Amino acid sequence: MFSSEKFTPYRLVGLAVLVELGFVIVPLVIGFWYSVNRVQFFQIRSFTGFDNYWRVLTSPSVANALAVTVTFSVISLVLTFVIGFGLAMWLERSNRLNGVMQAVVLIPYMIAMLVGSMLLKWVFSKESGLSDLVLAPMGMGDVSILADPETAMAALVYNAVWRDSAFAMIMLLAGLKSIPGHLQLAARVDGASAWYRFRRITLPLLQVPIFITMIRLFIHLVNTLTYPLILTGGGPGTSTETVVLKMYRLGFNDNVLGQANALAIMVFIVNIALVAVLLRLFKKAGNIQ
Amino acid sequence: MNDNPYLRHAFRRAALRTVVNAGIVFFALAPIAWGVLSSLKPTNQILEVPPRFIPQDVTLEHYERVIGDKGLLFLGNSALISAITIVCALAIGSIAAYAIARYEFPGRKVLMVFTIGVMSIPIASLLIPTFTLLSVVGLINTHVGLILLYTAYQLPIVIWMLYGYFLSLPVEVEHAARIDGYTALGTLRRVVLPLSKPALVAAALFVLVFAWNDFVVAVTMTSSESVRTFPVAVYFYLGFYGREWGPLLAAAVISIIPIILIFIVLQRYFISGLTGGGVKG
């Protein structure tokens, strides 16, 4: 409409584009520039090419962080998705009770991640006395959840599942709503079992929403800083130190901004690859016209 | 009644529903409830072993301590930054969304892909470069810096939500307004925006929740108390109070009260933003 005004749309989107360029694209350019230089206290000392990248890639602590990130995000993704899917199916029918239940599930998602992780830190801490209460009957009275590498990782996964299942649920609920009701009904009339209907109607028609949900969850999990920073502090040792937490510490604790930026750029490239997959899925779902 | 198999079946179903729902409520809310209950106990009872779930004596001393310890300043900073971010993101976002919804122009599709792309890029990978940028241009540790960043991070989702809503509005009224001599911006302001209240509320809420809850950006980009937001203050309490869980949990509860209240009242608006156009339906 109004196609006679050739330049109006560009003037209208101008400010938004400017803001995005200024605070998303320019930082990346500057970050890249820092990453190929030796930097000390914001002073660029010398051009070093990909030396920072090489240092980061060959560093054992980054390799460890990578392994931690993969373990954490894959386990969390599977559990969060399955539980979110279960919740979506369980609370699918619209009625008052299910509306209230959805709201309850969403509360951990609505509150600040920092606060959620802190509340769980309190729950899991030895001092709250809860872990003793639960674990002692199982013969694990002396276990301090956050002080043991394996249980600390489990606590981290628990944090992700506790908060992010709600996101998976909402995304999948929206997908479920788009399945025409008469399909389910017809199959029901024909005597199809619930499991058969789930496999032959729900799953195939939900394919795109399922992939979109999983990719968005995965992007979120790979990039979360708050869970490990608050709940476990990356510990004990570096057993829960994720790549993003490592990057954060390189920048703000170790003050090696060149290396921190190199790691950030690499994380960014991984993200771009994931986002590219997501965009393809959006196109498939007909969201970009 | 027990002889009737249908009734028995219905009863079993209802019992199962109740048990599963109770389990869901427990897992979702128990950590929050435990935090609230602990925050109301006097210090010596917080660490009691075995823990008592219902506080023996209820006290607000931890809340008083947090509020007294510059808590109001930090809450004020959070409220101010959230409010200005909402205004900026909605103003800039609605204009851009209007252009994308109503004009056909070369580059429009690129812009939409760019919008979804930026929307999906997590902040974490931008953190270090952005810290570097803000330090270079002198916006580090300022209210303005945080507001600009929050606006930039929330603009794509705002544009996306408003774009979808604008598309659903009838074009004819706008045509009439244009014939009456309104400019594009005039039409947006006087015709389109008054019709778009639900979408504006949804977008505003989304921005509010982000800005109010954000910790990662604020803790990276600010250092002095005068610009500190409440979540960052909570984080510093974690270091400062150490193992004093009373004030820590009180601060946590203060932070979530406004969000939960707003959420209870305006729940349905959140959900439209959450799916972010990612799923049609």
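The values are calculated or read from the model by the stated rules, or taken from the named source; none is laboratory data. Keep in mind that this is a model prediction, so the values were computed, not measured. Heads up, the Cβs are rebuilt from the backbone with ideal geometry, glycines too, and the neighbour counts pull from every protein chain shown. Areas reflect the complete protein model, heavy atoms only, side chains present, ligands, DNA and RNA absent. Shrake-Rupley method; radii C 1.70, N 1.55, O 1.52, S 1.80 Å.
Rounded to the nearest angstrom and ordered from largest down, what semi-axes does the equivalent ellipsoid of region B:137-281 get from its C-alpha gyration tensor (root of 5λ)? Could the numbers behind the result be given before it?
On the way: eigenvalues 292, 71, 27 Å².
Whole-Å semi-axes of the equivalent ellipsoid: 38, 19, 12.
Using the Cα centre of the protein assembly as shown as the reference point, and only Cβ charges (+1 on K/R, -1 on D/E), how large is the resulting charge dipole? Debye, rounded to the nearest 20.
Values: 40 positive and 26 negative charges, 343 e Å.
Dipole size: approximately 1640 debye.
Compare A:Arg38, B:Arg102 by solvent-accessible area with a 1.4 Å probe and give them largest first, with all protein chains kept in place. Intermediate results must be reported in sequence, preceding the final value.
On the way: A:Arg38 110, B:Arg102 15 Å².
Solvent-accessible surface, decreasing: A:Arg38, B:Arg102.
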Exercise. For chain A, which DSSP H helices look membrane-span-like by this rule: Cα extent along the axis of 27 Å or more and mean Kyte-Doolittle of at least 0.0?
Worked result: A:60-90, A:149-177, A:257-285
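For an R0 of 45 angstrom, estimate the FRET efficiency from the Cβ-Cβ distance between A:Thr58 and A:Val78 and round to the nearest 0.05. Mind showing how you got there, number by number?
Values: r = 31 Å, r/R0 = 0.68.
Once rounded, the FRET efficiency stands at 0.90.
Helix check for chain B. Which DSSP H runs span at least 30 Å along their own axis by Cα, with a mean Kyte-Doolittle hydropathy no less than -0.5? Don't skip to the end; give the middle numbers.
Values: long enough: B:5-39 (49 Å, 0.82); B:72-102 (44 Å, 1.83); B:143-167 (34 Å, 1.41); B:245-274 (36 Å, 1.95).
The answer, listed by residue number, is B:5-39, B:72-102, B:143-167, B:245-274.
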Exercise. Roughly how much of B:His9 is accessible, in Å² to the nearest 10, using a 1.4 Å probe?
Worked result: 100 Å²
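Order the following by accessible area, largest value first: A:Phe23, B:Phe114, A:Phe72. Probe radius 1.4 Å; ligands, DNA and RNA are ignored. Intermediate results must be reported in sequence, preceding the final value.
On the way: A:Phe23 25, B:Phe114 65, A:Phe72 5 Å².
Ranked list, largest accessible area first: B:Phe114, A:Phe23, A:Phe72.
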For this session: Report B:Glu172's accessible area, 1.4 Å probe, all protein chains in place, as a number in Å² to the nearest 10.
Result: 130 Å²
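Set the bar at 32 Å for Cα to Cα. Now go through A:Lys177/B:Lys197; A:Lys246/B:Lys41; A:Lys121/A:Lys284 and name every pair that lies beyond it. Write out the running numbers ahead of the final one.
Working: A:Lys177/B:Lys197 24 Å; A:Lys246/B:Lys41 37 Å; A:Lys121/A:Lys284 41 Å.
In this structure, A:Lys246/B:Lys41; A:Lys121/A:Lys284 exceed 32 Å between Cα atoms.
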Exercise. Where the centre of each part is set by its Cα atoms, how far does region B:11-75 sit from region B:133-161, in angstrom?
Worked result: 35 Å
For this session: Quick one: order A:Lys246, B:Lys109 from most to least accessible surface, probe 1.4 Å.
Result: B:Lys109, A:Lys246
